[in-house]
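K.L.:
Mind looking over this structure? Questions follow.
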Amino acid sequence: MSNTSYFQGASNCPIQNLHLTNPGHSRGLDEAFKHLCDKIAANAAHNSAERHDAPKCHEDTRKAVQEEIHGWINDGDDDTEPMKILYLTGPAGTGKTAIAGSVSDTCDEEGLLAGSFFYASFVASETRRSKRYLVATLAYHLISPLDEDHPLRRAVLSAVRRDRLIFTKRLKDQFKFLLIKPLDDTRLEFDTSILPKVFIIDGLDEVEEANSRQPGRDPPDVRLENEADQEEILSALLYAANSSAFPFRIIVASRPERVIETFFRDHANHVTRKIFLGDKYDPDSDITLFLNAKFTEIRRRYRLHTSWPSEEDIRRLVHNASGQFIYAATVIRFLQSGKLPNPKALLDRILDQGTANSSELGALAPLDLLYTRILESSPNPSLAVQWFYVIDDGFVRDVGALFANQLLEDEEGQAEYLLENLASLVWILPEGQSQSGPGYYFYHKSLLDFLNDRSRCGERLGCAFAAGEDFLTERHINIFLNKSPTVMTSESQKKDLSGSLCLVLLHGLHDSQPSF
């Protein structure tokens with residue numbers, strides 16, 4: 001091979017746009033990107049397949065609050081006191097997740113969305129409940145659209161390459177080394193104004209500590225640990241927002257839980273703008289628009305007369321909703337549920353329960369009456385409520401549809417019989433689809449809130465739901481004895497097998513992935 005230089009004897013040769021590539025370094029960044037991908041919650045993105053039926057605002061509703069949020073994202077720096085964090089909150093059912101989802105879609109279309117994370121405690125995926133995947137997911141969303149040679153992308157991946165254990169560290173440190181330092185190090189290498197503007201995080205109140213669903217955990221301890229994780233997330237977000245190198249705004253949507261309200265009041269008040277979804281945003285008008293649009297769809301589908309429902313029916317539904325979109329959405333799903341739905345008859349059943357006086361019974365009274373009426377449409381409401389307790393069990397959700405069906409059903413088809421009329425409350429895996437994912441999940445967290453409070457659901461449903469714990473233990477024993485690879489036939493063995501031991505054995509069987 002000749003050692004002659006191509007530049008031998010040359011002088012005064014200007015070189016422009018020289019780019020040198022180190023193949024080993026590029027391979028290292030590729031490996032770092034794969035490692036980053038392994039640490040994200042893919043299903044937590046606003047547009048993930050797991051959120052295909054997530055609530056969104058009707059195109060003509062919630063315009064005022066969406067416009068206010070959009071204006072803050074684009075022009076918040078012009079405010080008298082610019083704020084880096086927006087806290088979107090309100091009671092259960094007021095449409096926080098729908099608004100966050102719709103704003104995410106709009107921002108994504110306009111190139112404003114830096115990243116999103118939609119927490120959900122009622123899904124099988126542990127990644128959508130845990131704090132551990134937040135920063136990795138946001139970092140992935142930020143850099144994945146960038147060119148491979150973009151300085152910020154290379155800086156973030158270099159941080160992952162340098163410390164492959166970065167995702168095990170505190171969230172504050174993850175923000176520091178995965179986002180803030182790379183942004184600071186590269187701020188002179190590209191125009192940062194072209195970056196998207198906002199991260200959106202929904203459902204902070206649904207964050208759960210990693211081991212919160214282990215059998216036998218004390219509920220007060222679990223609640224404290226969950227709150228500690230929620231507070232750590234908020235502290236990390238505040239740390240990022242206070243950094244001059246962090247150019248993004250942050251939207252946090254959550255129920256007004258105590259620990260979250262306290263944090264924003266005591267620690268982040270100086271950088272936080274709060275939007276409370278109350279009467280200021282005229283929810284009644286939006287709910288009226290939503291109902292009219294949905295009833296138009298129902299009339300077309302079932303060839304019903306345009307006079308149905310009456311204006312008085314709509315007014316009563318809006319009154320019963322008490323500003324809660326969850327009520328209106330549940331009504332519509334109920335009218336369309338079942339194999340041969342009769343929406344006119346079903347609406348009459350809802351309206352026959354009477355119009356609750358919110359001032360006397362509380363704003364949740366109409367929703368509670370609706371939940372009660374729907375549950376009573378099951379051929380066995382008490383058994384259905386016990387099933388709901390089992391479906392809510394974290395282990396049952398995690399192991400997938402096949403195990404859930406074997407655990408719950410005494411005979412094939414029982415789920416369809418028992419839950420067919422409850423399709424407006426719980427999603428059921430359609431027949432013929434993969435059995436590896438969750439078989440069931442609830443449309444709204446408020447249903448479990450309702451069943452956990454006997455002052456709301458009544459003694460009969462409340463006792464049935466509480467009895468779900470014993471029912472779950474019995475079902476575990478049944479599947480272990482009758483459907484596991486090794487069947488115990490001794491009656492004394494059956495009697496000696498306690499519920500707690502069975503749970504341990506079932507967890508062990510799940511870890512070894514048996515074939516039931």
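The values are calculated or read from the model by the stated rules, or taken from the named source; none is laboratory data. If you're wondering where the values come from, they're calculated on a predicted model, not measured in any experiment. Cβ placement follows ideal geometry from the backbone for every residue including glycine, while neighbour counts extend to all protein chains displayed. Side chains are part of the model used for accessible areas, which takes the heavy atoms of the whole protein and leaves out ligands, DNA and RNA. Shrake-Rupley method; radii C 1.70, N 1.55, O 1.52, S 1.80 Å.
K.L.:
Taking region 146-239, which chymotrypsin sites (Phe, Trp or Tyr not before Pro) meet the DSSP loop condition and have no more than 16 other C-beta atoms within 10 Å?
P.N.:
Within region 146-239, the qualifying chymotrypsin sites (Phe, Trp or Tyr not before Pro) (loop, at most 16 other Cβ atoms within 10 Å) are F190.
K.L.:
With just the Cα atoms of region 283-352, tell me how far they stretch along each of the three principal axes, in Å, largest first.
P.N.:
Extents along the principal axes: 31, 22, 20 Å.
K.L.:
Ordered by residue, what ³J(HN,Hα) values in Hz, to whole numbers, does region 315-327 give under the Karplus form 6.51 cos²θ - 1.76 cosθ + 1.60, where θ = phi - 60° and Gly and Pro are x?
P.N.:
Result, rounded to whole Hz: 4, 5, 5, 5, 4, 5, 5, 6, x, 9, 5, 4, 5.
K.L.:
Based on alpha-carbon positions alone, could you give the equivalent ellipsoid semi-axes of region 110-266 from the gyration tensor, as √(5λ), descending, whole Å?
P.N.:
Gyration-tensor ellipsoid for region 110-266: 29, 17, 14 Å.
K.L.:
Just list whichever of K197/K280; K34/K181; K172/K274; K56/K172; K39/K181 have alpha carbons separated by over 29 Å in the model shown.
P.N.:
Pairs exceeding 29 Å: K56/K172.
K.L.:
Residues with amide H under 5 Å of L86's amide H, sequence separation 5 or more or different chain, H placed in the peptide plane at 1.01 Å from N; which?
P.N.:
Sorted by chain and number, the residues that satisfy this are I250, I251, V252, R273.
K.L.:
Using 0.36 nm times the number of residues separating T262 and S285, minus their current alpha carbon distance, what extension gain do you get?
P.N.:
5.1 nm
K.L.:
Same structure again: Of all the accessible heavy-atom surface of region 283-352, with the other protein chains kept in place and a 1.4 Å probe, what percent is carbon and sulfur?
P.N.:
48
K.L.:
In debye, nearest 20: dipole of region 47-104 around its Cα centre with unit charges on the Cβ of K, R (+) and D, E (-)?
P.N.:
Dipole size: approximately 360 debye.
K.L.:
What does the accessible area of S337 come to, in Å² to the nearest 10, when a probe of 1.4 Å is used?
P.N.:
10
K.L.:
Given H placed on each backbone N at 1.01 Å, which residues far from A210 in sequence or on other chains put an amide H within less than 5 Å of it?
P.N.:
It is none; the list stays empty.
K.L.:
Turning to a different aspect of this structure: May I ask which residue of Q230, I200, Q214 lies farthest towards the positive end of the charge dipole of region 162-237, with charges of +1 (Lys, Arg) and -1 (Asp, Glu) on Cβ and the Cα centre as origin?
P.N.:
Value: I200.
K.L.:
What FRET efficiency, computed as 1/(1 + (r/R0)^6) with R0 = 60 Å and r the Cβ-Cβ distance, is obtained for E110 and R315, rounded to the nearest 0.05?
P.N.:
The computed FRET efficiency comes out at 0.95.
K.L.:
Mind checking which aspartates and glutamates have their Cα closer than 16 Å to the Cα of K176? Skip sequence neighbours fewer than 8 apart in that chain.
P.N.:
D163, D184, D185, E232
K.L.:
Sorting K197, K63 by accessible area (1.4 Å probe), largest first, what list results?
P.N.:
The residues order as K63, K197, largest area first.
K.L.:
Additional query: Any chance you could check the Cα centroid distance between region 24-101 and region 237-294 for me, in angstrom?
P.N.:
12
K.L.:
In nanometres, what is the gap between the two model label sites at R373 and K63, each 7 Å from Cα along Cα-to-Cβ?
P.N.:
Distance between the two pseudo-spin positions: 3.1 nm.
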